[in-house]
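Taking it in order: structure first as structure tokens, then the write-up.
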Amino acid sequence: MRKYILSLFILIIFSCKNNKNSYYLNSPDGEIKLEFNLKNGVPLYKISKNDNLIIDYSKLGIILNGKTDLDKDFKIINTNRKTHNTSWKTLFGEQKEIINNYNELEVILDQENKKLNITFRVFDDGIGFRYKIENQENINDYNIVDEKTEFKLSKNDTAWWIPAFSYRRYEFLYAKTPIDDISKNIYSKEVEDIRYDTLGIDAAHTPLTIKKENGIFISIHEADLNDYSSMTLAPLGNGLIEAELYPWSDGIKVKSDEKIISPWRTIQISDNSSDLLDSNLILNLNDDPDSLEDFSWVKPGKYMGIWWEMIGTNESTWWPSDNHGANTKKVLEYIDFASENGFEGLLVEGWNKGWHPEWCCSGDGKKFSFTETQPDFDIDKIYKYGKEKNVYLVGHHETGGQIENYEDQLENAFKFYNKYGIKNIKTGYVNDVSKNIKRKNKKGEIVKEWHHGQYMIRHFRKVIQLAAKYKLNIITHEPIKDTGIRRKYPNYISREGAKGQEFNGFSSNGVNHASILPFTRLLSGPMDYTPGVFKLNNFRYVTPGSNTIDKNAIIPSTIAKELALYVVYYSPMQMAADLPKHYQNHPDAFEFIKKVPVVWEKKKIINSKIGEYVTIVRKDLNSEDWYLGSITNENERYFNISLDFLNENKKYLATIYSDTKNTNWKKNQMEYSIKSIEVNKNSNLDLFLAKGGGGAVQFKEIVD
Ligand code: NOJ
């Protein structure tokens, strides 16, 4: 009987249509409502949540090459509805199990025998929709020259954004402005001067996080970006923004010889900033691995590296020199340290031929080899030594954005790494000039592509698929943004894709950036931020080999905050970024990095305010233990945190790593306190976060 009433109810919701060509679709909990409407032949959608307007009527459509404008003159010829309520198990992640519950409406539109399908899915945490153009007689050119998706917001909505179509990909600090102010000019006034970067239009990257004037938070992004161009968001004024795709060098935005299935356009919706961090919508709009693909070999973990001494402390070079970092003697020492402290991976950059002092950043210059080692890097010896100590190299492929050179060597490079027990490869694509990825077109001419256009998306997919064949995980720096593809390809284990810690090494991210990232970049997926730097001042030498310290270089953080980042920023491959000698100065704090897990059963967001603070607790996947991470911006804070998330009838030893009253991100970064107390579900925890600081806690189950 209950089942019968439920089906009737579903039928009633699903048959909602009024005579003005409107079709309605609600989220399973009934709070979010989508309206699809065909007004004078133009497809429109509108979204509200509990009577709050989220997106007002906004146009939809795709323009194909050859004047097939699929954005008007439509009739609705059919609609299909379905409901879905299942859950699926992650191979690993922030959660063990994810609920996938949505209502779906597919609308089939016809314009003089040309058909466009639009599928909407409404979840409790937001909406996704995608276009489908099936193979059909009346369309003979499937290349897309424009996408007409609009998002009609209000001009009083505020966005946290980074500029698209600019030279440094996603590595920018965030601007916070009204959405109409998304422009290179405003960005140049408020954050960093990019006015000279005139190629391309004014637009923001996604995920684009917005606080609406009615207090609701949304994030506009995309899911399952597979063989398409990536979407940016361009303001058209008065709160209206439009999808803008990166074009190929010949102006086509998406190339296709046949039917098109676009990525999902996604709008995550929540009443507060914390719930935004709890959404699984992007992963739910991606597919599982193909049934024949076994990814059980993908093993999350932690790694160290001969890396910070190049990019951070500036003691060593990537290229051959008296201070070459990747030399056998040093690698063996690092292996000893990594092994003693339980790290399985060691990244070594600068091991291969092609590095030279001018390697960076314009995509020109010498080509990298991915199979030839520098003379002072004895990979056979290193492999043998590491194997005995259970430490494997994390491979490194810096391409300099020279894609053809990399693709030519790709398979051999993977075979080479297979020989040496390598399981993870960090890849890099530094090419700091807008639209400067060079490729040969069919006529043999060199043309230049954007870093986030379809050419590169195909490249990243090729790398990940081939890497899977060789059982290799990929951690990309200068990547394409994550759109949940990691569900289908779990070996796409992590990526950077924002200003990470390394920018604090050779420049500064400022003290507030770290508390914006969880609500922007990290909404898309795990980040190889590379936390865990302990030497936070007087760490950088003026040049490699010199004894002079750059007194001005400081990392805007505290040791306790560096620990907290392991919990706040999810990444199934986490780096301990600093040098062994710096960890040796703080063995007690280093214990936290050794203990903290990288994959989780579940999480809870304790508190948050974008750009100000965030506190997250996560439960370890493999034990009853919980971990807490809390970070703040330039302001100090006291939190009194209820420990009601702890398991019933259990006692825990809470080891609290916190700033002291004297700690300060500018003047006294490295002072911290560690204390242990017994707690349970009914306890409360007092946590002090210094200016620019943070705190981390391990809750270890006490077994009597
Ligand atoms: C840029 C990457 O983000 C960085 O981590 C790496 O060290 C350099 N490229 C060199 O590959």
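The values are calculated or read from the model by the stated rules, or taken from the named source; none is laboratory data. Please read these numbers as outputs of a predicted model, since none were measured by experiment. Please note: Cβ atoms are built from the backbone with ideal geometry, for glycine as well, and neighbour counts cover all protein chains shown. To get the accessible areas, we keep the full protein, side chains included, count just its heavy atoms, and leave off ligands, DNA and RNA. Shrake-Rupley method; radii C 1.70, N 1.55, O 1.52, S 1.80 Å.
Kindly evaluate Lys481 against the criterion of being within 16 Å of the ligand (Cβ to nearest atom) and crowded, with 20+ Cβ neighbours inside 10 Å.
yes
Please go through region 354-411 and pick out each residue that is in contact with a His (Cβ under 6 Å, 6 or more places away or on another chain) and open to solvent by 70 Å² or more (accessible area, probe 1.4 Å).
If the condition is that a residue be in contact with a His (Cβ under 6 Å, 6 or more places away or on another chain) and open to solvent by 70 Å² or more (accessible area, probe 1.4 Å), then Lys366 is the only one that fits.
Inside region 231-249, can you point out the residues that are of a type in the set (S, T, N, Q) and buried (at least 23 other Cβ atoms within 10 Å of the Cβ)?
Thr232
Identify, from the list Gln454, Gln465, the residue that is polar (S, T, N, Q), away from the ligand (no atom under 16 Å from the Cβ) and farther than 21 Å from Gly363 by Cα.
Every option except Gln465 fails the conditions.
For region 412-427, indicate whether the set of residues that are among the hydroxyl-bearing types (Ser, Thr, Tyr), over 16 Å from the mean Cα position of the chain (by Cα) and over 22 Å from Val298 (Cα atoms) is non-empty.
Checked against the condition, which is being among the hydroxyl-bearing types (Ser, Thr, Tyr), over 16 Å from the mean Cα position of the chain (by Cα) and over 22 Å from Val298 (Cα atoms), region 412-427 yields no hits at all.
Does Ile610 qualify as being modelled with pLDDT of 95 or more and closer than 27 Å to Asn314 by Cβ?
Considered against the rule, which asks whether it is modelled with pLDDT of 95 or more and closer than 27 Å to Asn314 by Cβ, Ile610 comes out as no.
Can you tell me which residue among Lys442, Lys481, Lys462, Lys499 is at pLDDT below 95 and not in a strand (DSSP E or B)?
Going through Lys442, Lys481, Lys462, Lys499 in turn, just one is at pLDDT below 95 and not in a strand (DSSP E or B): Lys442.
Give the number of residues within region 174-203 that are open to solvent by less than 70 Å² (accessible area, probe 1.4 Å), of a type in the set (Asp, Glu) and in contact with a Ser or Thr (Cβ under 9 Å, 6 or more places away or on another chain).
Qualifying residue count for the region: 2.
Among what's in region 498-541 and is within 19 Å of His452 (Cβ to Cβ), open to solvent by 10 Å² or more (accessible area, probe 1.4 Å) and not charged (D, E, K, R), pick the residue that is nearest to the ligand (Cβ to nearest atom).
Applying the filter and picking the extreme gives Leu522.
Using the structure shown, decide if Lys353 is within 16 Å of the ligand (Cβ to nearest atom) and either in the same structural domain as Ile311 (by TED's automatic domain parsing) or touching a strand residue (DSSP E or B) at 6+ places or on another chain (Cβ under 6 Å) (or both).
Yes; evaluated as a whole, the condition is true for this residue.
Among the residues of region 265-287, is there at least one that is surrounded by fewer than 18 Cβ atoms within 10 Å (Cβ to Cβ), of a type in the set (A, V, I, L, M, F, W, C) and touching a strand residue (DSSP E or B) at 6+ places or on another chain (Cβ under 9 Å)?
Looking for residues that are surrounded by fewer than 18 Cβ atoms within 10 Å (Cβ to Cβ), of a type in the set (A, V, I, L, M, F, W, C) and touching a strand residue (DSSP E or B) at 6+ places or on another chain (Cβ under 9 Å), one finds none in region 265-287, hence no.
Does Ile77 qualify as being at pLDDT 95 or above and open to solvent by less than 40 Å² (accessible area, probe 1.4 Å)?
The answer is no for Ile77.
So which pairs qualify, if the first residue must be in region 291-320 and open to solvent by 10 Å² or more (accessible area, probe 1.4 Å), the second must be within 14 Å of the ligand (Cβ to nearest atom) and outside any loop (DSSP other than H, G, I, E, B), the Cβ gap must be under 6 Å, and the two must be at least 6 apart or on different chains?
Ile311/Glu502; Ile311/Gly505; Glu315/Glu309; Trp318/Met310
Could you please tell me which pairs satisfy a Cβ distance under 6 Å, a separation of 6+ or placement on different chains, a first residue in region 530-556 that is aliphatic (A, V, I, L, M), and a second residue that is not in a loop (DSSP other than H, G, I, E, B)?
Taking only residues 6 or more apart or on different chains, the pairs are Val533/Glu562; Ile554/Asn537; Ile555/Asn504.
Do we find that Glu344 is more than 13 Å from the ligand (Cβ to nearest atom), touching a residue at least 40 places away in the same chain (Cβ under 8 Å), open to solvent by 10 Å² or more (accessible area, probe 1.4 Å) and at negative phi in this structure?
yes
Can you pull out the residues in region 118-140 that are open to solvent by less than 40 Å² (accessible area, probe 1.4 Å), farther than 17 Å from Leu285 by Cα and of a type outside the set (A, V, I, L, M, F, W, C)?
Within region 118-140, just Gln136 meets the criteria.
Quick check on this structure: which one of Phe151, Phe165, Phe172, Phe92 is at pLDDT 95 or above and closer than 15 Å to Ile220 by Cβ?
Being at pLDDT 95 or above and closer than 15 Å to Ile220 by Cβ holds for just one of Phe151, Phe165, Phe172, Phe92, which is Phe151.
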